[in-house]
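The values are calculated or read from the model by the stated rules, or taken from the named source; none is laboratory data. Computed from a prediction, not measured in an experiment: that's the story for all the values here. For neighbour counting, all protein chains shown are included, and Cβ atoms are generated from backbone atoms with ideal geometry for every residue, glycine included. The area values use the complete protein model at the heavy-atom level, side chains included, leaving out ligands, DNA and RNA. Shrake-Rupley method; radii C 1.70, N 1.55, O 1.52, S 1.80 Å.
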Amino acid sequence: MNKIFVNVENLADLLSIKGQYGKKGIIISGGTDIVVRMKNNMIDPEVLISIKKLAELKGIVARKTKVIIGAGTSLDEIENSTLIKENYYPLYQAVFNMASPQLRNMGTIGGNIGNASPAGDTIPPLFLMDAEIILYSKKGKRSISVTEFFKGPGKTVMRDDEIIHSIILKNNYLTEKNSGYIKVGQRNALAISIASVAYFKDKKYKRFAFGSVSPIIHLIELKFGLSDEQLLKEIESYITPIDDVRATKEYRKQVIINLVKDIYF
Amino acid sequence: MKKENIKSVGRSVKRIDAEEKARGTSLYVDDIKFPGMLYAGVFRSPIASGTIIKLDITKAKKVKGIVTILTYKDIPGKNLVPVVFNDQPLLVEKEIRYVGEPICLIAGESKEIIKKAISLIELTVKERKPVLSIKESLKSKKAVNPEYKDNILQYYPIERGKVDKIFKKAHLIIENEYETNYQEHAYLETQGMVALEEMNGIMTLYGSMQCPFYVQEGVATVLGTDYSKVSVKLMTTGGAFGGKEDVPSIIGEIAALLSKKTKRPIKFTLSREEDIETMSKRHPSYTKYRSAFDKDGKLVGVDIDYYLDGGAYSTLSPIVLWRGVIHAIGPYDCGNVRINGYAMATNKVPSGAYRGFGTPQIIFAAETQMDIAAEKLGLDPVKIREKNCFKKGSITSTGQVLKESIGILDTIKKGKKSFNYSERKKNTEKFNKKHKNLKRGVGVASLFYGVGLGARGGPLQKGSALVSLFKDGSVQFSVGTTEMGQGMYTVLSQITAESFGISFEKVHATRISTEKVSDSGPTVASRATFISGNAIKVAVKRLKKNLTEFMFKEKIINSMKNIEFKNNNVYKNGKKLMSFTELAMKAWLGRVKMIEASWYLPPETTYDIKDGQGDAYVTYSYVTNFVEVEIDLRTYRTQVIDLFSSEEFGNVINPQLAEGQIEGGNVQGIGYALFENTVLSKGKILTNSFSTYTIPTILDVGELHPVIVEKKFKEGPFGAKGMGEMPLMGIAPTIGNAIYNAIGTRLYKVPFTPVEVYEEIKDR
């Protein structure tokens, strides 16, 4: 079978080609997920559409109280953005602790979101930011809240003709003092999250989003003054992890509980 | 005139291969290409135990680009991987004994084409219930291998003194069970070999390995040809750690069989996944350990049952077990010892050699026992080791009297001082009072290590070297042990230069090949410096004698006494005669023999197989590790903060390389202790990549502080013993003891993953 590799250089071409191939057309940028899966025979795409040269999808732009990140922006660029570090600290921390410098140079935020893994490190912080995912297709654009975007491991609300264009971040007050992202992996670097917690502490409430412990990530808002038991009751329904070769479900659950308690109390 | 003092030994000269490795220009197996070269692949068993009913390769053969597919019927010689007991066939004939066992060999134009052909091979099997653990193997009535009467691949006892009696009257008895998991070698370069018939029909292999002579034997065996018609040459080898001791024979046999059949060069390299799933690894273990102490804290009795999971074939298990048994009680003089060691067969990939060779598992048990004893006796963990450790005249568990170069007490003392033991201990206590979720602790563990193959090494205990002097005064050498990243070429160049009294830069190491020197055994057991270093010294001595006799004959000297080779010159009675270069040229003109092949045999060792008594090894090296760790009680993760590995291995040839070996081994030990966890399902390894089988990175190992203690060993080349393996061997108990010191939880199972720590403390 002949395979097709298309290198698109403008958005119009991308939307038209994606519209033409639909499900068969896999978007590739850094390839840090796609290439590994191809190598391991997990996918065998007929058409690869490379957006590596698509400048329109790259970059971080500030707009009043919002920040827009192009889907093709590399993780490395996000890591090195003072705008992100100062206003969206959990996202900075998440990216800083991802993979290795080489992979952060290649991988993009759009890829991490589109991959829709419950262990995707950029995802839990986006929940604290009430982020919106901007999708484009030949038919037009639409904006989906991050809380609505994911439908399960590897599954999103995206149609076959759509691409991720950008991510809009709100709540530009997530600083090193009031927020963070704690990642627990098998080692300190080059690790896939076993469990992770993105958090924000305000005067009125505390917000959490957990990674790697449920098929879909949720935004959890907790009021002040909960007792130990009340806290457990509030969060337990959001922690439904699985056993795998990296860790047991009991372990994952307990780690989340420990971390939340440590942040909450 | 500038006064020169040329010295090579004891100096941190730069590795001779440093630059090519840093620049990425070293040639590895995968860098070689020959015209018309094909690739090799293997169709492997998907099940752990069963009988082949039908094998159909017709569809696979029709794939375009497939040149040949071989089954065991196509092997011209014997279907065998020769190791110790010769029980492992290269290809399954009828009975399948582990997941991944080779069934068919395929040669094709590309790896992709081979992958496709493999997917088209049809296999019908009758499955059996596999034996998947040591405990199952002990219980199982049917032998994993029908050629055996039971599942015990090998048994070794040690019986010394009056064990039952001493346990009856002992002040303190400590009894525990210990378990350890597999460990992957995780060499950066996976297994690989290129085979082709070169001139005169000699089957030539270029490969990554620790023993070209094993590969030569394996290839001659499957081809049914003369050993002398097989030539094996070493490529740059990207790490081995024991993982390339015996299994490269399998890789070489496969490449050679396919090359012979297709009459084309064959490259066979493994993907990481295939390498992890089908190559050897450290034996999982199960140990029942009883220790008896008197009221003063003296170890007076030991009673051990030690079991290793050997996998489906015996391969190196007999020798791995033997080393484990010899080292089972640690570096302590104890008169009453009973050890029963068993290597058990299971339906899993054969376990094999790995840095430490059957000792890290049992040292974990022994040194945890020692720590428990110290606490129960109210002794400091360092004190109890000082009290019990070997001194001059001490007797090992095999009855060997130690006479010289016994550095264990020095490693404890120097390590303790460098680590700042007492102060550090106090500081951790202060830290723990301040922090709710973070707990720090310190740990210590000691060990000893028999250098070289020892008494069970039998005919392999030998080494040869070839040394050539050129007319320009430069020197070239080759030996029978291999360079695999440990720095042997550099260390042996230093020994050669020092023996000749010439500059290090004038000596050049050549590729290791079966064509140059005779079978010198494998490059294992921390023996390369000792064996090949001594072989080189023998050859250089002969060359110097040839030169001296020539000078006498030519009347340059009036007697052959008081001749010295040093500082790139030759001296008589302290007076310079000429430069070494001048002498080399004169000797060449005078037709002096300028090449010497040498032979070195280490001092005799003895061992009685019935009670395990004898002088097991020529000499021993010693280590004491000190570590500080921090445990996060929210995530149950352990972080090493500082590791001081205090090691004595005779005199040091190259301090920087020695430190490199210590740090590298320490990191592997930290991986073994904390990170590396193989997970299997029905005998299939699920953790077959570095994404799931996590080895530590630089961020996970804390600060490493090698501490070197020197104690001259007379028989060693320039006083050296051997040290390659020890830095890994005792890290697990050191860290385990530190975790106990930090959080009061004793761990009996390696690795101490966060999940394991959680399981141990959750019900507390």
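Details
- Check on B:E136, open to solvent by 60 Å² or more (accessible area, probe 1.4 Å), acidic (D, E) and out of contact with any Phe, Trp or Tyr (no Cβ under 9 Å at 6 or more places or on another chain): yes
- Subset of the range B:43-55 (residues that are within 19 Å of B:L686 (Cα to Cα) and either in contact with a strand residue (DSSP E or B) (Cβ under 7 Å, 6 or more places away or on another chain) or crowded, with 24+ Cβ neighbours inside 10 Å (or both)): B:F43, B:R44, B:S45, B:I47, B:A48, B:S49
- Matching residues in the range B:610-658 - criterion: being surrounded by fewer than 24 Cβ atoms within 10 Å (Cβ to Cβ) and among the acidic types (D, E): B:D611, B:D615, B:E630, B:D632, B:D642
- Residue match in the range A:57-72 (condition: more than 17 Å from the chain's Cα centre (by Cα) and within 21 Å of B:L699 (Cβ to Cβ)): no
- Against the test of being in contact with a Leu (Cβ under 6 Å, 6 or more places away or on another chain), within 27 Å of B:K129 (Cα to Cα) and either at pLDDT 95 or above or in a loop (DSSP other than H, G, I, E, B) (or both), the options B:S280, B:S314 yield a single qualifying residue, B:S314.
- Subset of the range B:577-609 [open to solvent by less than 30 Å² (accessible area, probe 1.4 Å) and under 30 Å from B:G161 (Cβ atoms)]: B:P602, B:T605
- When the criteria are applied in full, B:S464 meets the requirement of being under 30 Å from B:V320 (Cα atoms) and in contact (Cβ under 8 Å) with a residue 24 or more places away in the chain.
- Qualifying residue in the range B:229-245 (condition: surrounded by fewer than 24 Cβ atoms within 10 Å (Cβ to Cβ), modelled with pLDDT of 95 or more and basic (K, R)): yes
- Subset of the range A:235-244 [open to solvent by 50 Å² or more (accessible area, probe 1.4 Å) and either of a type in the set (S, T, N, Q) or away from chain B (no Cβ under 14 Å) (or both)]: A:E236, A:S237, A:Y238, A:T240
- B:E4 within 30 Å of B:E710 (Cα to Cα), at pLDDT 95 or above and more than 24 Å from the chain's Cα centre (by Cα): no
- Within the range B:251-273, the set of residues being surrounded by fewer than 24 Cβ atoms within 10 Å (Cβ to Cβ), under 26 Å from the mean Cα position of the chain (by Cα) and not in a strand (DSSP E or B) comprises B:L270, B:S271, B:R272, B:E273.
- All strands (runs of 3 or more DSSP E) inside the range B:398-503 with 2 or more residues being farther than 30 Å from B:F565 by Cβ and open to solvent by less than 50 Å² (accessible area, probe 1.4 Å): B:438-450
- Condition check for B:V538: open to solvent by 10 Å² or more (accessible area, probe 1.4 Å), at pLDDT 95 or above and farther than 19 Å from B:V475 by Cβ: no
- Filtered by the rule that a residue be open to solvent by 30 Å² or more (accessible area, probe 1.4 Å) and in a helix (DSSP H, G or I), the range B:734-753 gives B:Y740, B:N741.
- Selected residue (only one of B:S559, B:S532 is out of contact with any Lys or Arg (no Cβ under 8 Å at 6 or more places or on another chain) and in a helix (DSSP H, G or I)): B:S532
- Some residue of the range A:245-263 being away from every other protein chain (no Cβ under 13 Å), surrounded by 17 or more Cβ atoms within 10 Å (Cβ to Cβ), of a type outside the set (G, A, S) and on the phi < 0 side of the Ramachandran plot: no
- Residue check, B:T753 of a type in the set (S, T, Y), more than 25 Å from B:D309 (Cβ to Cβ) and modelled with pLDDT of 95 or more: no
- When residues in the range B:705-733 are screened for being surrounded by fewer than 19 Cβ atoms within 10 Å (Cβ to Cβ) and closer than 13 Å to B:V627 by Cα, 1 of them pass.
- Scanning the range A:1-40 for residues that are polar (S, T, N, Q) and within 30 Å of B:L686 (Cα to Cα), we see that the one that is surrounded by the fewest Cβ atoms within 10 Å (Cβ to Cβ) is A:N40.
- Within the range A:179-231, considering residues that are in a strand (DSSP E or B) and without any contact (Cβ under 8 Å) to a residue 24 or more places away in the chain, the one least open to solvent (accessible area, probe 1.4 Å): A:I220
- Here the condition is being of a type in the set (S, T, N, Q), touching a Phe, Trp or Tyr at 6+ places or on another chain (Cβ under 7 Å) and over 30 Å from B:Y421 (Cβ atoms); of B:N562, B:N651, B:N677, B:N569, it holds for B:N569 alone.
- Candidates A:I43, A:I69: the one that is modelled with pLDDT of 95 or more, open to solvent by less than 70 Å² (accessible area, probe 1.4 Å) and of a type in the set (A, V, I, L, M) is A:I69.
- Hey, B:I372 within 30 Å of B:E136 (Cα to Cα) and open to solvent by 10 Å² or more (accessible area, probe 1.4 Å) or not: yes
- Any chance B:I114 is among the β-branched types (V, I, T), under 26 Å from B:K73 (Cβ atoms) and open to solvent by less than 30 Å² (accessible area, probe 1.4 Å): yes
- Summed over the range B:675-694, the residues that are surrounded by fewer than 20 Cβ atoms within 10 Å (Cβ to Cβ) and outside any strand (DSSP E or B) give a count of 7.
- Among the residues listed as A:E79, A:E56, the single one being in contact with a Phe, Trp or Tyr (Cβ under 7 Å, 6 or more places away or on another chain) and among the charged types (D, E, K, R): A:E79
- The range B:706-764 - residue that is among the aromatic types (F, W, Y) and within 14 Å of chain A (Cβ to nearest Cβ) and, of those, farthest from B:G454 (Cα to Cα): B:Y758
- Residues that are at the interface with another protein chain (Cβ under 10 Å from one of its Cβ atoms) and β-branched (V, I, T) do not occur anywhere in the range A:217-234.
- Candidates in the range B:608-642 are the residues that are over 21 Å from the mean Cα position of the chain (by Cα) and among the aromatic types (F, W, Y); of these, the one that is nearest to A:I182 (Cα to Cα) is B:Y636.
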